[in-house]
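The values are calculated or read from the model by the stated rules, or taken from the named source; none is laboratory data. Model, not experiment: these values are computed from the prediction. Note that we place each Cβ from the backbone using ideal geometry, even for glycine, and neighbour counts take in every protein chain shown. Keep in mind that these areas ignore ligands, DNA and RNA; they rest on the heavy atoms of the full protein, side chains included. Shrake-Rupley method; radii C 1.70, N 1.55, O 1.52, S 1.80 Å.
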Amino acid sequence: DAKRHGRQQLRAYNPARQADVTAHQRLETHLERAADRGELHLAYQPIVDLGSGRIVAAEALLRWTSADLGRVPPTQFIPVAEERGLIGDLGLWALNAAIRQARAWRDQGHTHLRVNVNVSPLQFGHGDFVQHVQRALDQHGVPPAALALELTEGALIRDVHASNDTLRRLRALGVCIALDDFGTGYSSLSYLQALPVDDVKLDKSFVSAMTQSGPALVEAIVRVAHHLGLSVVAEGVETPTHRDDLRALGTDRAQGFLFARPLDAEDLTARLAVTPALL
Ligand code: C2E
Ligand code: MG
Ligand code: MG
Ligand code: MG
C-alpha cells in the first residue's frame, strides 16, 4: 500500500540517514494532531489584477505552528502529509477554513474577492472530492464562482481521463480551476487545450528567469493561453520590473512579494478596507 511504500522509499533512498527517518516520523506524529490542537491556520496572499491594480483574489496557504517543533513550512509538511495519508484531512481542513473566510469577506462587502485553495493530487483523486467542495460551499452559502481550486499539472496528467471528469464536474458547479506552478512540470502547451481549466499560474521560476532569458517564453504562453480563453496569473512577482514586463506581455493577474507576502486574514481584511488597489 501507499503508506508502506512511502516508508520503504525513504529507507531505500538513503538507509544510512537514520536520523532523517526519525525526524520524519516525529514530524508525522505531530502533524497527525495538528488540526485537533489548533496548530493550523491559513495565510492569504493577495492576487492583483494587473489592469486595475485591485486585489481580486487571495490564495490560501497552509501554516503550521507546532507546539513542539515550532513553525514548519508547507514545503516540509505537505510532502509528509501526502506520503503518510494525512493530506485528505489537512486539505479538507484548509478547504473549509478558506470557504469560511470567504463567507466572512462577503459579509463585509468584499463580494468580488475570490479565494484560491491548493489541492493535492491525492485529495483531488479522492472519489468524494467534488461532494466535499459542494458541501463546504453550501454550508457557508458561498457561491462556487468565489472559489478557485489550484491544481498542479502532475495532479491532472496522472490520470487524464479521471481528471477531466472531475474538472468538468467542478466547473459545472461553477468553481474555477487554476493550473498551478505552470512551467515546472512537463508544461506541454497542449495540456492547456486538453484540460478544462480557467487560469494558468506561471511558476515563479519563469518570472525570475525572464530577467536573464528575455520575455519570449512568457509571451508565447500568454498568447496560447489567451487564444484558448484562459487567464494568466504570474507567481513570484518581486520587482516593479517583473510587474511592468508581465503587464506589457498581457499577463492578467499577478501575485508576489512586490504586492504582499502571505498575510493573516485580519491583515488582508484591513488592507482591503484601506488600499483596495495595489498599483
Ligand atoms: P504554491 O501553491 O505555488 O504557493 C505559492 C508559494 O510561493 C507560497 O509558498 C508563497 O508564499 C510563495 N511566494 C509568493 N510570492 C512569492 C514571491 O514573490 N517570491 C517567492 N520566492 N515566493 C513567493 P508557501 O506558502 O511556502 O507554500 C509552498 C507550497 O506549499 C505551495 O506552493 C503549495 O504547493 C503548498 N501548499 C501550501 N498550502 C497548501 C494547502 O493548503 N494544500 C496543499 N495541497 N498544498 C499547499
Ligand atoms: Mg498555489
Ligand atoms: Mg503556485
Ligand atoms: Mg509555485
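Observations, loosely collected:
- Cβ-based charge dipole, the chain, positive-most Cα from Ala248, Asn96, Ala58: Asn96
- Cα-Cα P(r), the chain, percent of pairs per 5 Å interval: 1, 5, 12, 15, 17, 17, 15, 10, 5, 2, 0, 0
- Within the chain, the whole DSSP H helices whose Cα atoms reach 18 Å or more along their own axis and whose mean Kyte-Doolittle score is at least -0.5 are 87-107, 160-173.
- Share antiparallel - DSSP beta bridges, the chain, percent rounded to 5: 40
- Lys/Arg +1, Asp/Glu -1 at C-beta; the chain dipole; positive extreme among Phe77, His30, Ala225: His30
- About the Cα centre, charge dipole magnitude for segment 207-279 (Lys/Arg +1, Asp/Glu -1 at Cβ), debye: 180
- Candidates Leu42, Leu69, Leu151, ranked by Gaussian network fluctuation over the chain, Cα under 10 Å, top entry: Leu69
- Where only alpha carbons of segment 207-271 are counted, the Rg and the Dmax (Å): 13.3, 39
- Of Val160, Val130, the order by accessible heavy-atom surface (1.4 Å probe, DNA, RNA and ligands excluded), from most exposed downward, is Val160, Val130.
- Within a Gaussian network of the chain (alpha carbon springs, distance under 10 Å), most fluctuating of Glu153, Glu266, Glu83: Glu266
- Where Ser188, Ser213, Ser163 fall by accessible area, highest first, once all protein chains stay in place (1.4 Å): Ser213, Ser188, Ser163
- Centroid-to-centroid separation of segment 25-87 and segment 140-193 [C-alpha atoms, Å]: 20
- Positive-end ranking of Leu167, Gln131, Met210 along the dipole of segment 102-234, with charges on Cβ about the Cα centre, is headed by Gln131.
- Kirkwood hydrodynamic radius of segment 105-257, Cα pairs, Å: 16.2
- Accessible-area ranking of Ser66, Ser231, Ser52, largest first, probe 1.4 Å: Ser52, Ser231, Ser66
- Assuming charge only on the beta carbon of Lys and Arg (+1) and of Asp and Glu (-1), the dipole of the chain about its Cα centre is about 220 debye to the nearest 20.
- Rolling a 1.4 Å probe over the protein heavy atoms gives the chain an accessible area of 49 Å² per residue.
- Selected from Ala60, Ala162, Ala98 as most flexible by GNM, with the chain as the system and alpha-carbon contacts under 10 Å: Ala162
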